[in-house]
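Undergrad: Quick one: the structure is below, questions incoming.
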Amino acid sequence: MLKDHIMQYITVQRANENADGIGIYKEEKEYAVKNQLADEILFVEKDANTRFADAYIERCDKSSENMIKNENSSFLTQSLDYLKKHKNEFIYLESNWFELIGVEAVSLEADDVFGTYDVMLGLKLQKKFEKTLKEHLNSHLQGGEAKFDLMFSHDDGLWNLNFALNYVEGFTEEMTIGEAFQLIYRFLFKLAEAAEEK
């Protein structure tokens, strides 16, 4: 799935290629080079801060799940501790980039009890990947005993995955909301890559 999606992205970008080469983000570039998807293509690495420039973003109320406000990408420059100052809210983000790795959307909130930043999403992978997913999550989330919740929904054909962003390598309390979503993306990209390699 990941390979097909990246190949499709490269094909579309090649059709629009300019003299400077194909614009691509770090994760996709590393994957394309590692898997020899485009040997003779000049890649120009895009600024990671632009990845979610066209994302659909909502601030929502935790108790009702109703939208408080639809935000534009400038909201992503807010400090991550915005969520601790607004504990009644969560952020819902949809992006073509998450679709590329088999994720419908990502929600992020501050946990009232543990004080962690919790990530919630649905992952489009078959049930047969359970062992691989659990192994990857166990080895790449650093921290406490309850690192993640992973449950397959037969109704949706999705993995419901929740994990604390605090346990992902590279996390700092000082990051912006945008940097947090970039870190989530990188983590999920590696998870999708691990599943594909099995």
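Undergrad: Of all the residues that make up the range 23-43, how many are farther than 27 Å from VAL106 by Cα, β-branched (Val, Ile, Thr) and outside any helix (DSSP H, G or I)?
TA: Matching residues across the range 23-43 total 1.
Undergrad: Let me ask you something else. In the range 112-141, how many are within 15 Å of the chain's Cα centre (by Cα), among the hydrophobic types (A, V, I, L, M, F, W, C) and over 13 Å from ALA192 (Cα atoms)?
TA: Of the residues in the range 112-141, 4 are within 15 Å of the chain's Cα centre (by Cα), among the hydrophobic types (A, V, I, L, M, F, W, C) and over 13 Å from ALA192 (Cα atoms).
Undergrad: Restricting the range 21-39 to residues that are under 27 Å from GLU179 (Cα atoms) and of a type in the set (Asp, Glu), which is nearest to the chain's Cα centre (by Cα)?
TA: Within the range 21-39, the first condition is being under 27 Å from GLU179 (Cα atoms), and the residues that meet it are 21-35.
Still in the list and also of a type in the set (Asp, Glu): 27-28, 30.
Details: GLU27: 11, GLU28: 13, GLU30: 16 Å.
Checking each candidate, the answer is GLU27.
Undergrad: Could you check TYR92 against (1) assigned by TED's automatic domain parsing to the domain that holds ILE177; (2) touching a residue at least 12 places away in the same chain (Cβ under 8 Å); (3) over 16 Å from ILE184 (Cα atoms) and say which number it fails?
TA: (3)
Undergrad: Out of ASP61, ASP47, ASP39, ASP54, report the one residue that is modelled with pLDDT under 90 and among the charged types (D, E, K, R). Break it down into steps so the answer makes sense when it comes.
TA: On the way: ASP61 fails: modelled with pLDDT under 90; ASP47 fails: modelled with pLDDT under 90; ASP54 fails: modelled with pLDDT under 90.
Matching residue, one of ASP61, ASP47, ASP39, ASP54: ASP39.
Undergrad: Next question. Go through (1) farther than 17 Å from ALA105 by Cβ; (2) in contact (Cβ under 8 Å) with a residue 12 or more places away in the chain for THR172 and report which single condition fails.
TA: Every listed condition holds for THR172 apart from (2).
Undergrad: Here's another thing I want to ask about it. Looking only at the range 104-129, which residues are in contact with a strand residue (DSSP E or B) (Cβ under 8 Å, 6 or more places away or on another chain), surrounded by fewer than 15 Cβ atoms within 10 Å (Cβ to Cβ) and free of Cβ contacts under 8 Å to residues at least 40 places away in the same chain?
TA: Within the range 104-129, just LYS127 meets the criteria.
Undergrad: Related question: Identify the residue in the range 59-85 that is touching a residue at least 24 places away in the same chain (Cβ under 8 Å) and assigned to a loop (DSSP other than H, G, I, E, B) and, among all such residues, is farthest from ARG186 (Cα to Cα).
TA: SER63
Undergrad: Report, by residue number, each residue of the range 173-185 that is in contact with a helix residue (DSSP H, G or I) (Cβ under 9 Å, 6 or more places away or on another chain) and surrounded by fewer than 18 Cβ atoms within 10 Å (Cβ to Cβ).
TA: Within the range 173-185, the subset in contact with a helix residue (DSSP H, G or I) (Cβ under 9 Å, 6 or more places away or on another chain) is 173, 175-185.
GLU173, THR176, listed by residue number.
Undergrad: While we're here: In the range 40-54, how many are touching a residue at least 24 places away in the same chain (Cβ under 8 Å), of a type outside the set (Val, Ile, Thr) and over 16 Å from THR176 (Cα atoms)? Show your work before the answer.
TA: Pass one, the range 40-54, residues touching a residue at least 24 places away in the same chain (Cβ under 8 Å): 41, 44, 48-49, 51-52, 54.
If we keep only those that are of a type outside the set (Val, Ile, Thr) as well, we get 48-49, 51-52, 54.
Still in the running and over 16 Å from THR176 (Cα atoms): 54.
Residues meeting the conditions: 1.
Let's see how each residue does on (1) modelled with pLDDT of 95 or more; (2) touching a Gly at 6+ places or on another chain (Cβ under 7 Å); (3) exposed (fewer than 15 other Cβ atoms within 10 Å of the Cβ); (4) over 21 Å from LEU83 (Cα atoms):
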{"residue": "GLU135", "(1), (2), (3), (4)": "no, no, yes, yes"}
{"residue": "ASN138", "(1), (2), (3), (4)": "no, no, yes, yes"}
{"residue": "LEU141", "(1), (2), (3), (4)": "no, no, no, yes"}
{"residue": "HIS154", "(1), (2), (3), (4)": "no, no, yes, yes"}
{"residue": "PHE163", "(1), (2), (3), (4)": "yes, no, no, no"}
{"residue": "PHE171", "(1), (2), (3), (4)": "yes, no, no, no"}
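Undergrad: Sticking with this one: Being surrounded by 15 or more Cβ atoms within 10 Å (Cβ to Cβ) and out of contact with any Gly (no Cβ under 8 Å at 6 or more places or on another chain), is that true of even one residue in the range 13-20? Write out each step before concluding.
TA: Taking the range 13-20 as the starting set, the residues that turn out to be surrounded by 15 or more Cβ atoms within 10 Å (Cβ to Cβ) are 13.
Now narrow it down to the ones that are out of contact with any Gly (no Cβ under 8 Å at 6 or more places or on another chain): none.
Within the range 13-20, none of the residues are surrounded by 15 or more Cβ atoms within 10 Å (Cβ to Cβ) and out of contact with any Gly (no Cβ under 8 Å at 6 or more places or on another chain).
Undergrad: Considering ILE101, ILE68, which residue is on the phi < 0 side of the Ramachandran plot and surrounded by fewer than 20 Cβ atoms within 10 Å (Cβ to Cβ)?
TA: Values: ILE101 fails: surrounded by fewer than 20 Cβ atoms within 10 Å (Cβ to Cβ).
Of the residues listed, the single one that is on the phi < 0 side of the Ramachandran plot and surrounded by fewer than 20 Cβ atoms within 10 Å (Cβ to Cβ) is ILE68.
The values are calculated or read from the model by the stated rules, or taken from the named source; none is laboratory data. The structure presented is a predicted model; accordingly, all values stated were derived computationally and were not measured. Glycine also receives a Cβ, built like all others from the backbone with ideal geometry; neighbour counts cover every protein chain displayed.
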